[in-house]
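Chemist: Got a structure for you, questions after.
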Amino acid sequence: MTSALADLLQDFLLQHTVQSNQSEYTRLVLGGLPSTALEDLFDVLTHGNGSPWQPTGGSQIPVFLVTSDPETSSVGPSRKCNWDYALAVRNSFPSFLLLVDPLVWDDRTYSIINATDTIGLPLPPIRRNVPSLRKWSALYASIVEMAAERIGMEPAVVESVIREALRDLPSLDPADQHLLPWDIVERIVDLANAGHAVTNNELARKCGLLPSENNGDDFRRSRRILERLAEFLEDTGIEEGIQELQVTSRGSSLGAELAAFVSQLRRSAGSASAVVRAPSFYYFASDPEPSWWSTLTAEVVDEMLAEVGRHVQPDRISVSCTNPLNPSPSPGEPFLVQEGAILEARHPGGAFQS
């Protein structure tokens, strides 16, 4: 990863240290990130040689990457260590930053929890609806907002496309659940190096969605068409379903693109049943942008599905609670609110809030 995501995380940390570092007493704990992201961030902050982190305009801050099996070759104040070492040396420094690997997060002591400023927690599970990012994780929402600023896009647009991709989380294995949100952010912030204004279709590809012919931002529609495509292929089988699409009026000239699409699904998912469970996860097309992806737009796929009898399902009105104390309840668990519930009714044409 080095780079895009690590640089973004460094800027995020800087926002939390400048003010508190005026008193030369900053004790931060950052968790919730994948091991690879923490490794890259540690190397960026310490220049790969154990140096303390030097925030712009602030005092030096030793950085400790707490893992279950640390290397001990560092000669500088910053190093990879276990909890025993971190606890032993923490009072030797007025300021420090602990980067905590997910495997040892639950081993924190009360003294660490009570005497430090925890600025990043593990991402909570998403069991049903995807809440607003700010309600889901303040850390993740802040990083997404910074990523949006880096690529020159409105944060609301970036959040909307990410939330569509996060619909896959409940169906993924725990390792992918942990990695996917941060992989998406890194893909998006990498667009800052594109050398041109970032488009909505580029965001769609980074999040595993279909592009649109008008480069629009109706990512929910793109996701719904992708879900219909996955369900169709599950019912027919991948090869048989693609053969049906190839004899439609739009698909008759897209044999090469549909064949490349089949190769993508076979490589990423193996079966249509897997794609149904997590369509965006398996539909993601890596760089460089493949021609099959840009050709198979939401409009093209929609027309092909309609021609083989997979018409658009009627739009539904969904009602959700916008102020729950438990934004991701378990199946069957009600939303809990402190006072009155604020309900929002949504339809593809708009939303109404009570």
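The values are calculated or read from the model by the stated rules, or taken from the named source; none is laboratory data. Every value quoted in this text rests on a predicted model; they were computed, and no experiment measured them. Note that each Cβ is placed from the backbone with ideal geometry, even for glycine, and that neighbours are counted across all protein chains shown.
Chemist: Would you point out which residue out of Ser51, Ser59, Ser68 is loosely packed, with under 15 Cβ neighbours inside 10 Å and either of a type in the set (A, V, I, L, M, F, W, C) or assigned to a loop (DSSP other than H, G, I, E, B) (or both)?
Modeler: Ser68
Chemist: Just give me the residues in the stretch 265-301 being crowded, with 18+ Cβ neighbours inside 10 Å, out of contact with any Gly (no Cβ under 9 Å at 6 or more places or on another chain) and free of Cβ contacts under 8 Å to residues at least 60 places away in the same chain, in sequence order.
Modeler: Leu265, Ala269, Val275, Val276, Trp292
Chemist: Pick out, from the stretch 74-120, the strands (runs of 3 or more DSSP E) lying fully within it that include 1 or more residues that are among the charged types (D, E, K, R) and surrounded by fewer than 17 Cβ atoms within 10 Å (Cβ to Cβ).
Modeler: Hits in the stretch 74-120: 117-120.
Chemist: Restricting to the stretch 54-92, name every residue that is hydrophobic (A, V, I, L, M, F, W, C) and within 23 Å of Asp11 (Cβ to Cβ).
Modeler: Ile61, Val63, Phe64, Leu65, Val66
Chemist: Between residues in the stretch 136-164 that are part of a helix (DSSP H, G or I) and residues that are surrounded by fewer than 17 Cβ atoms within 10 Å (Cβ to Cβ) and of a type in the set (Gly, Ala, Ser), which pairs lie under 6 Å by C-beta distance while being six or more apart or on different chains?
Modeler: Listed pairs, sorted by first residue: Arg150/Ala192; Ile151/Ala192.
Chemist: Now, a different point. Evaluate the following for Arg127: is it of a type in the set (D, E, K, R), under 22 Å from the mean Cα position of the chain (by Cα) and either outside the structural domain of Ser273 (by TED's automatic domain parsing) or at negative phi (or both)?
Modeler: yes
Chemist: Any residue that is modelled with pLDDT under 90, touching a helix residue (DSSP H, G or I) at 6+ places or on another chain (Cβ under 7 Å) and β-branched (Val, Ile, Thr) - is there at least one of those in the stretch 93-111?
Modeler: Yes: the stretch 93-111 contains one or more residues that are modelled with pLDDT under 90, touching a helix residue (DSSP H, G or I) at 6+ places or on another chain (Cβ under 7 Å) and β-branched (Val, Ile, Thr).
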